[in-house]
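The next block holds one structure in the form of structure tokens; read it before the comments.
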Amino acid sequence: MTDFPDDFFWGSATAAHQVEGGNTNNDWWDFEHDPASAAVESSGDGIDHFHRYLEDFQLLASLGHNAHRLSLEWSRIEPAPGEFSRAAIAHYRRVLTALRDEGLTAFVTLHHFTLPRWFAARGGWLAPDAGAIFARYSGRVAAELGDLMPYVGTINEPQMIALHGYLEGYHPPGIANPVLWKRAGAALLDAHFDCVRAVRKEADSRTGLALQLPLLAPARDDDACHTLHQLMQYEIVDRYLDGLTGPDRGDWLGVQYYRKQWVDPASPTWFGRPPAGTPTTQMGWAVHPDGLRQMLHAAARTSLPLYVTENGIATTDDTERVDYLHTHLAAVGQARAEGVDVRGYLHWSAFDNFEWSEGYRPKFGLIAVDRDNFTRTPKPSAHAFARVAGTGRLDLFVPTDREGI
């Protein structure tokens, strides 16, 4: 008996800046090279996916993937305001054609954290015409590449762009301002609607928003914790789930889940450490599989078809990754059995890659990469995932001796 249907999407995800290399014209490149920023190192050459995309897609297809989520680098496509690069558009046409030809359904993200340097310099998401400028870019991409983009993700994790960039200062623009944090979150949701309208004018792509939805809980049973928990629940989860209304909300919703977080006003970051004894990842994130089931139920209140567009663990111990995959896919299967309309699972990430301010230390990938020569080596978890993707059966996570677990 299978746990997932034959038409379920199985795959993994990447983002342009994290894998391509050489994205020198965006705000993240500047942030990485600012000694005062939170970034520990430069993205540099990435994993050279810009040149090796074909072999990467062939490898993913050989591992049983039938879908792949990737992003387009805005700063390559529109290197100056209103100036669109024919070479960059042609490059991404080759990329998306190769993806299609390898039998992988494309989930294409138009904005995954990085902004063109010129867009950031004019105020980024807080500029009064930010949504219109983003819509102009989105419409141009849809007109040029829409025939190769069956699924379009507008913005990756708008809540994390707002939280990390405007409250914690952990990502560009490196601001810590509780007023601008809320304003950025509202602007990003509006930009999603602008993007949906722009894409629909030019292409038949199905549009969606990818939200990171952590399971939030108060650190203690007191008024201060409960009050802050309510605020964070609204700004990170409810603003977006309840705000996805009207004709321009999109056609699907991406759910991205990694952890349970405890809200604590006594912490300078407003998030406390996981309780003692809680399993954690390289990132210090609490492993809590049932949180994925709970957040899929929360997302279901939008009545949109759901796709898990990111879920994964940072670890150098691949046995932990196999267990994480098994328990979290079981949570997806349970949510489906409980009536939640989940249609695909895209693991984060396909490859070990650049993890933003944390650099290359965290290992999220199903596939290891030697950055001295860019050799790709699938891990045992990649083979375990392939067995499930090929059959829809969770019991086949049991590894073989040949795979070395």
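So for the range 162-183 (the condition being in a helix (DSSP H, G or I), under 18 Å from ASP129 (Cβ atoms), at pLDDT 95 or above and within 19 Å of the chain's Cα centre (by Cα)), does at least one residue qualify? Talk me through it step by step, then tell me what you get.
Going through the range 162-183, the residues in a helix (DSSP H, G or I) turn out to be 162-167, 178-183.
So of that shortlist, the ones also under 18 Å from ASP129 (Cβ atoms) come out as 180, 183.
Next cut, at pLDDT 95 or above only: 180, 183.
From what is left, the residues that are within 19 Å of the chain's Cα centre (by Cα) are none.
Scanning the range 162-183, I find no residue that is in a helix (DSSP H, G or I), under 18 Å from ASP129 (Cβ atoms), at pLDDT 95 or above and within 19 Å of the chain's Cα centre (by Cα), so the answer is no.
Go over the candidates THR400, THR391 one by one and state the one that is modelled with pLDDT of 95 or more, more than 23 Å from the chain's Cα centre (by Cα) and polar (S, T, N, Q).
On the way: THR400 fails: modelled with pLDDT of 95 or more.
That would be THR391, the only listed residue that is modelled with pLDDT of 95 or more, more than 23 Å from the chain's Cα centre (by Cα) and polar (S, T, N, Q).
Are any residues in the range 328-360 of a type in the set (A, V, I, L, M) and under 16 Å from the mean Cα position of the chain (by Cα), and if so, which ones? Quick ask: steps written out before the conclusion?
Kept after step one, since they are of a type in the set (A, V, I, L, M), are these residues of the range 328-360: 329-332, 335, 337, 340, 342, 346, 350.
Those that are of a type in the set (A, V, I, L, M) and under 16 Å from the mean Cα position of the chain (by Cα): LEU346, ALA350.
I need every pair where a residue in the range 1-20 that is crowded, with 19+ Cβ neighbours inside 10 Å has its Cβ under 6 Å from the Cβ of a residue that is in a helix (DSSP H, G or I) and not charged (D, E, K, R), sequence separation at least 6 or different chains.
Every condition considered, the pairs that remain are ASP3/GLY333; ASP3/LEU394; TRP10/ALA389; HIS17/TRP28; VAL19/HIS49; GLU20/HIS49; GLU20/PHE50.
Determine which member of the set GLY250, GLY246 is crowded, with 22+ Cβ neighbours inside 10 Å and either more than 18 Å from the chain's Cα centre (by Cα) or of a type in the set (Gly, Ala, Ser) (or both). Even if it seems obvious, please write down each step before you answer.
On the way: GLY246 fails: crowded, with 22+ Cβ neighbours inside 10 Å.
Result of the check over GLY250, GLY246: GLY250.
Looking at (1) crowded, with 23+ Cβ neighbours inside 10 Å; (2) in contact with a Leu (Cβ under 8 Å, 6 or more places away or on another chain); (3) charged (D, E, K, R), can you tell me which one GLU102 breaks?
So GLU102 meets the others, but not (1).
Might you let me know whether the range 301-309 holds any residue that is surrounded by fewer than 17 Cβ atoms within 10 Å (Cβ to Cβ) and touching a helix residue (DSSP H, G or I) at 6+ places or on another chain (Cβ under 8 Å)? Show your work before the answer.
Pass one, the range 301-309, residues surrounded by fewer than 17 Cβ atoms within 10 Å (Cβ to Cβ): 301, 303, 305.
Subset that is touching a helix residue (DSSP H, G or I) at 6+ places or on another chain (Cβ under 8 Å): 301.
Checking the range 301-309: at least one residue is surrounded by fewer than 17 Cβ atoms within 10 Å (Cβ to Cβ) and touching a helix residue (DSSP H, G or I) at 6+ places or on another chain (Cβ under 8 Å).
Where the second residue is in a helix (DSSP H, G or I) and of a type in the set (Gly, Ala, Ser) and the first is over 14 Å from ASP370 (Cα atoms) and lies in the range 44-56, which pairs have Cβ atoms under 8 Å and are six or more apart or on separate chains?
TYR53/ALA98; LEU54/ALA98
Name the residues in the range 113-159 that are under 15 Å from the mean Cα position of the chain (by Cα), assigned to a helix (DSSP H, G or I) and under 23 Å from PHE9 (Cβ atoms), would you?
The first filter runs over the range 113-159 and keeps only residues under 15 Å from the mean Cα position of the chain (by Cα), leaving 113-114, 151-159.
Pick out the ones that are also assigned to a helix (DSSP H, G or I) and you get 158-159.
Once the filter is applied, which keeps residues that are under 15 Å from the mean Cα position of the chain (by Cα), assigned to a helix (DSSP H, G or I) and under 23 Å from PHE9 (Cβ atoms), the range 113-159 yields only PRO158.
Go through the range 73-99 residue by residue and tally those that are of a type in the set (Gly, Ala, Ser), part of a loop (DSSP other than H, G, I, E, B) and either touching a Phe, Trp or Tyr at 6+ places or on another chain (Cβ under 6 Å) or closer than 22 Å to HIS49 by Cα (or both). Outline the logic, then answer.
In the first step, residues of the range 73-99 are kept if they are of a type in the set (Gly, Ala, Ser); the result is 75, 80, 82, 85, 87-88, 90, 98.
Within this subset, residues satisfying the condition of being part of a loop (DSSP other than H, G, I, E, B) are 82, 85.
Adding the requirement that they be either touching a Phe, Trp or Tyr at 6+ places or on another chain (Cβ under 6 Å) or closer than 22 Å to HIS49 by Cα (or both) leaves 85.
Of the residues in that region, 1 qualify.
Tell me which of these LYS363 doesn't satisfy, since it passes every other one: (1) buried (at least 16 other Cβ atoms within 10 Å of the Cβ); (2) over 23 Å from the mean Cα position of the chain (by Cα); (3) farther than 21 Å from ASN66 by Cβ.
Only one criterion is unmet by LYS363, namely (2).
Select from the range 29-63 the residues that are surrounded by fewer than 17 Cβ atoms within 10 Å (Cβ to Cβ) and acidic (Asp, Glu) and list them in ascending order.
ASP34, GLU41, ASP45, GLU55
Of the residues that make up the range 100-112, is at least one assigned to a helix (DSSP H, G or I) and either out of contact with any Cys (no Cβ under 7 Å at 6 or more places or on another chain) or without any contact (Cβ under 8 Å) to a residue 60 or more places away in the chain (or both)? Spell out how you get there, then give the answer.
Step one: list which residues in the range 100-112 are assigned to a helix (DSSP H, G or I), which gives 100-101.
So of that shortlist, the ones also either out of contact with any Cys (no Cβ under 7 Å at 6 or more places or on another chain) or without any contact (Cβ under 8 Å) to a residue 60 or more places away in the chain (or both) come out as 100-101.
Within the range 100-112, one or more residues are assigned to a helix (DSSP H, G or I) and either out of contact with any Cys (no Cβ under 7 Å at 6 or more places or on another chain) or without any contact (Cβ under 8 Å) to a residue 60 or more places away in the chain (or both).
Quick check on this structure: which one of ASP264, ASP238, ASP222, ASP251 is closer than 13 Å to GLN159 by Cβ and acidic (Asp, Glu)? Break it down into steps so the answer makes sense when it comes.
Working: ASP264 fails: closer than 13 Å to GLN159 by Cβ; ASP222 fails: closer than 13 Å to GLN159 by Cβ; ASP251 fails: closer than 13 Å to GLN159 by Cβ.
Checking each option against the conditions leaves just ASP238.
The values are calculated or read from the model by the stated rules, or taken from the named source; none is laboratory data. Since the model is a prediction, treat every value here as computed from it, not as a measurement. No Cβ is skipped: glycine too gets one built from the backbone with ideal geometry, and neighbour counts run over all protein chains shown.
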